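Undergrad: Below you will find the structure I want to go over with you.
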Amino acid sequence: MTDQSPSAGIESVLKENRVFPPQDPATAGTPEWLISSMDAYREQHQYSIQDPDGYWSEVASELHWFTPWNKVLEWNAPDAKWFVGGTTNICYNCVDRQVDSGHGDDTAIIWEGEPVVAGEPEIRHLSYLDLQREVSRFAGALRSLGVRKGDVVTIYMGMVPELAIACLACARIGAPHSVIFGGFSSKAIVDRVCDAKSKVIVTCDGAWRRGKVVPLKDNVDEACAELATTPDAVETVVTLKRCANDIAWSSDRDRWWHDLVAEQPDEVPCEHMDAEDMLFLLYTSGSTGKPKGIVHTTGGYMVYTYLTSKYVFNLIPDLNKPARSQGPNGQVFWCTADVGWVTGHSYIIYGLLPNRVPTLMYEGAPNFPQEDRFWDIVERHKVTQFYTAPTAIRAFMKWGDEHPKAHDLSSLQVLGSVGEPINPEAWMWYRDTIGGGRCPIVDTWWQTETGGHMLTPLPGATPAKPGSCTLPFFGIDAAIVDELGVEQPLGTGGLLAIRKPWPSMLRGIHGDRERYIDTYWSKFEVDGQTPAGCPSPYYFPGDGALHDNDGYFWILGRVDDVINVSGHRLGTMEVESALVSHPTVVEAAVVGMPHDIKGTGIAAFVTLGSNQEPTDELRQALRSHVADEIGAIAKPDQIRFTAALPKTRSGKIMRRLLRSIAAGETELNQDTTTLEDYTVVATLQKDEG
Ligand code: WTA
């Protein structure tokens, strides 16, 4: 195990012994639980593990295929092919299939904008028919720009319906998309556009965030300027008008969304995609400074996100009649993530739409115009499933109970959590204050790489324990093992491993086979089972975890140099290279530190060049510099200037020691015998920036 051993968390986790059995469906306000007992869960799980071919064939048959597969799985570790020989289109399954089966007028997307004018926000309802028309037109628009099957389209937009439309349009014509979170900087665009060799960017003039306009198009222009003289120059930028803010315009490169779609037909057919054709690239942080483009393909991702959405959130489509209105029992699903993260890909768009339950998109901040905005939305749209992150829950707790209490939240049926371990206190608050003690909580553990939920309760079956993501989903063989892949006894911690392939697993890191194998398929030396060309037969997610005496999983956190800030992954190296790129900085080390709201905050230890004064102004300048280089989420919470960093005699930065210092632990009960210069530690403890 690396020096970030999660063993410290084991004690506290084992002290949590509350168990909450599932509620009656009537208590939660739902007509039924699709999986309604632990026996039903166990039976289906066992079937899925013993006969994956049979199991996944049945699930896949619930969706539309142009041609059926001839083999469910071909597994040559670390390469999986699912539904071999099958052709399908995920956009067809999200949209056209609903229209063809007579549900064209049902609501597909409910959207609420951030600005509130005269007490009313802007609201849009898009039916499956509307979506079919809008997606077709934009698909036609992309084709008119020369985008062909296999060309990567970059999407950098705010949370508007057109973001989902752009993704679906790409899927419709077989052009993989690479969505970049709108909070990232122009530099993030440059890196990702180059890596993906993407020639077209889709953006908005601006995005509303907390009453202000985020200048998305300006950021794209900056990126384009930087790329202009390189072989990766961007050819076309399509801009959706949203905020009507001033933007620069290049007649060679720029096109308005509305001009392009005006010339397109209402129906553009779906490409027949091979099950293993790439659906999207999504960049995520790793242990090095360079984000990796996670590759997801079509068939397996479609089947798995469809199934996890259905069972984890208990989605029941035919409650949605009559069309275009939410009847008293009609479900409305709301995932509060941005489409720029995998949670938005899988649980706003691709897993949700095939289940024919309306998916709600909200454009803006949770505290605009007031701290009750989310509860206002839940009440207005009668949201039934609400899926958010622990960091948001902790912020709501801080803002005060009066905000949720001022609203009728009785429509809620299921509450979800994702992105980081949820502390039991936040879990209990979520259950009592938001769910009124009536709604099950599904704490879903998964990753960009896994595509969909891996460890999760099923709301009508799994007795919940606050802070545990409980048990594996169907088809998932998860275990706690040591570095030799040996399963650890119940009640102990170790490394989380996934021992069998699953349909929505990543298929690689774009353009970097070696990094794919090194990162995910090299950790466990499983005796006698190592496949040729792949050191480990088990997938290594990078998390430390524990299973308790009931076999429940408790995630303890990352065991690599990745930190989870507000539920978003950041590589400490990325932040370090951003700091070092500032002219005053010679060396920087970044570690995570406990943070009330964010879960993990960012602490930076910085050594300045000679003649540089360690002032507060410089501290602020460095924080802004990191925000410019990466994005606001990467701003260090704490910057400590130091004449030197604590290093071992062989020159390695002692990160574990820095973590203790950042956490404010005065008694350093760490082994410092290899430390080069102990006075460094004493000075570091004194400077609290
Ligand atoms: C962490 C987000 C504990 C974990 C979907 C994982 C969690 C990383 C949970 C992936 C959870 C996610 N409990 N930890 N329920 N969900 N994580 O790729 O460390 O942005 O490896 O995917 O978040 O983050 P990513």
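The values are calculated or read from the model by the stated rules, or taken from the named source; none is laboratory data. Everything quoted here is computed from the prediction, not taken from an experiment. Reconstructed Cβ throughout: ideal geometry from the backbone, glycine too, with neighbour counts over all protein chains shown. Heavy atoms of the whole protein, side chains included, go into the accessibility calculation; ligands, DNA and RNA do not. Shrake-Rupley method; radii C 1.70, N 1.55, O 1.52, S 1.80 Å.
Undergrad: Assuming LEU495 fulfils every condition listed in (1) over 21 Å from VAL442 (Cβ atoms); (2) open to solvent by less than 20 Å² (accessible area, probe 1.4 Å); (3) within 16 Å of the ligand (Cβ to nearest atom); (4) not in a strand (DSSP E or B) apart from one, which condition is it?
TA: (4)
The rows are residues; the columns are (1) of a type in the set (A, V, I, L, M, F, W, C); (2) farther than 26 Å from ARG143 by Cβ.
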{"position": "HIS177", "(1), (2)": "no, no"}
{"position": "ILE180", "(1), (2)": "yes, no"}
{"position": "CYS194", "(1), (2)": "yes, no"}
{"position": "ALA248", "(1), (2)": "yes, yes"}
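Undergrad: Sticking with this one: So, ALA225, is that one over 30 Å from ARG97 (Cβ atoms) and not in a strand (DSSP E or B) or not? Break it down stepwise before answering.
TA: On the way: over 30 Å from ARG97 (Cβ atoms): yes; not in a strand (DSSP E or B): yes.
So ALA225 fits the description; yes.
Undergrad: Restricting the range 196-236 to residues that are touching a strand residue (DSSP E or B) at 6+ places or on another chain (Cβ under 6 Å) and hydroxyl-bearing (Ser, Thr, Tyr), which is farthest from VAL160 (Cα to Cα)?
TA: The extreme case among them is SER198.
Undergrad: Let me ask something else about it. Check whether at least one residue in the range 508-517 is within 16 Å of the ligand (Cβ to nearest atom) and part of a loop (DSSP other than H, G, I, E, B), and report yes or no.
TA: Within the range 508-517 (the criterion being within 16 Å of the ligand (Cβ to nearest atom) and part of a loop (DSSP other than H, G, I, E, B)), the answer is yes, since at least one residue qualifies.
Undergrad: On the basis of being closer than 30 Å to PRO369 by Cβ, touching a Leu at 6+ places or on another chain (Cβ under 9 Å) and surrounded by fewer than 24 Cβ atoms within 10 Å (Cβ to Cβ), does ILE110 make the cut? Walk me through how you get there before you give the answer.
TA: Numbers: closer than 30 Å to PRO369 by Cβ: yes; touching a Leu at 6+ places or on another chain (Cβ under 9 Å): yes; surrounded by fewer than 24 Cβ atoms within 10 Å (Cβ to Cβ): yes.
Here the answer is yes, as ILE110 does meet what is asked.
Undergrad: I would also like to ask the following. Identify, by number, the condition in (1) in a loop (DSSP other than H, G, I, E, B); (2) buried (at least 19 other Cβ atoms within 10 Å of the Cβ); (3) more than 18 Å from the chain's Cα centre (by Cα) that GLY182 doesn't meet.
TA: (3)
Undergrad: I'd like to verify a number: residues in the range 547-564 that are within 12 Å of the ligand (Cβ to nearest atom) and out of contact with any His (no Cβ under 8 Å at 6 or more places or on another chain), how many?
TA: Taking the range 547-564 first, the residues within 12 Å of the ligand (Cβ to nearest atom) are 553-560, 562-564.
Retained after the next criterion (residues that are out of contact with any His (no Cβ under 8 Å at 6 or more places or on another chain)): 555-560, 562-564.
Counting residues in the range 547-564 that are within 12 Å of the ligand (Cβ to nearest atom) and out of contact with any His (no Cβ under 8 Å at 6 or more places or on another chain) gives 9.
Undergrad: Starting from residues that are hydroxyl-bearing (Ser, Thr, Tyr) and modelled with pLDDT of 85 or more, keep the ones in the range 627-674 and report whichever is farthest from the chain's Cα centre (by Cα). Spell out how you get there, then give the answer.
TA: Narrowing the range 627-674 to residues hydroxyl-bearing (Ser, Thr, Tyr): 642, 648, 650, 660, 666, 672-674.
Within this subset, residues satisfying the condition of being modelled with pLDDT of 85 or more are 642, 660.
Details: THR642: 35, SER660: 28 Å.
This residue is THR642.
Undergrad: Please tell me if ARG137 is charged (D, E, K, R) and part of a helix (DSSP H, G or I).
TA: Details: charged (D, E, K, R): yes; part of a helix (DSSP H, G or I): yes.
So ARG137 passes the test.
Undergrad: Filter the range 413-439 for residues that are open to solvent by less than 10 Å² (accessible area, probe 1.4 Å) and in contact (Cβ under 8 Å) with a residue 40 or more places away in the chain and give the result. Show your work before the answer.
TA: Applying the first criterion (open to solvent by less than 10 Å² (accessible area, probe 1.4 Å)) to the range 413-439 yields 413-417, 422, 426-427, 430, 434-435, 439.
The answer is GLN413, VAL414, GLY416, ILE422, TRP427, ILE434, CYS439.
Undergrad: For residues that are open to solvent by less than 10 Å² (accessible area, probe 1.4 Å), at pLDDT 95 or above and assigned to a loop (DSSP other than H, G, I, E, B), tally how many sit in the range 270-290.
TA: 1
Undergrad: Tell me, which residue of the range 381-406 that is without any contact (Cβ under 8 Å) to a residue 40 or more places away in the chain and open to solvent by 30 Å² or more (accessible area, probe 1.4 Å) is nearest to TRP33 (Cα to Cα)?
TA: Taking the candidates together, the pick is LYS405.
Undergrad: Quick one: in the range 565-608, of everything that is of a type in the set (S, T, N, Q) and within 16 Å of the ligand (Cβ to nearest atom), which residue is farthest from ARG640 (Cα to Cα)? Show your work before the answer.
TA: Filtering the range 565-608 for residues of a type in the set (S, T, N, Q) gives 566, 572, 577, 581, 584, 600, 607.
This time we only want the ones that are within 16 Å of the ligand (Cβ to nearest atom), so: 566, 572, 600.
Working: SER566: 21, THR572: 15, THR600: 17 Å.
In this case the residue turns out to be SER566.
Undergrad: Where in the range 359-452 are the helices (runs of 4 or more DSSP H), entirely inside, with at least 2 residues that are within 16 Å of the ligand (Cβ to nearest atom)? Step through it out loud before you land on a result.
TA: On the way: elements: 373-381, 390-399, 402-405, 424-429.
By residue number, 390-399, 424-429.
Undergrad: If you don't mind, there's one more thing I want to ask. Hey, LYS465 hits all of (1) within 14 Å of the ligand (Cβ to nearest atom); (2) at positive phi; (3) open to solvent by 10 Å² or more (accessible area, probe 1.4 Å) but one; which does it fall short on?
TA: All conditions pass for LYS465, except number (2).
Undergrad: Another question, if that's okay. Residue by residue through the range 532-546, note down the ones that are more than 11 Å from the ligand (Cβ to nearest atom) and open to solvent by 10 Å² or more (accessible area, probe 1.4 Å). So that I can check it myself, show each step before the final result.
TA: Looking only at the range 532-546, we keep the residues that are more than 11 Å from the ligand (Cβ to nearest atom), and these are 532-539, 546.
Within the range 532-546, ALA532, GLY533, PRO535, PRO537, TYR538 qualify.
Undergrad: Can you tell me which residue is surrounded by the most Cβ atoms within 10 Å (Cβ to Cβ) among those in the range 95-107 that are in contact (Cβ under 8 Å) with a residue 60 or more places away in the chain and in contact with a strand residue (DSSP E or B) (Cβ under 8 Å, 6 or more places away or on another chain)?
TA: Out of the qualifying residues, it is VAL95.
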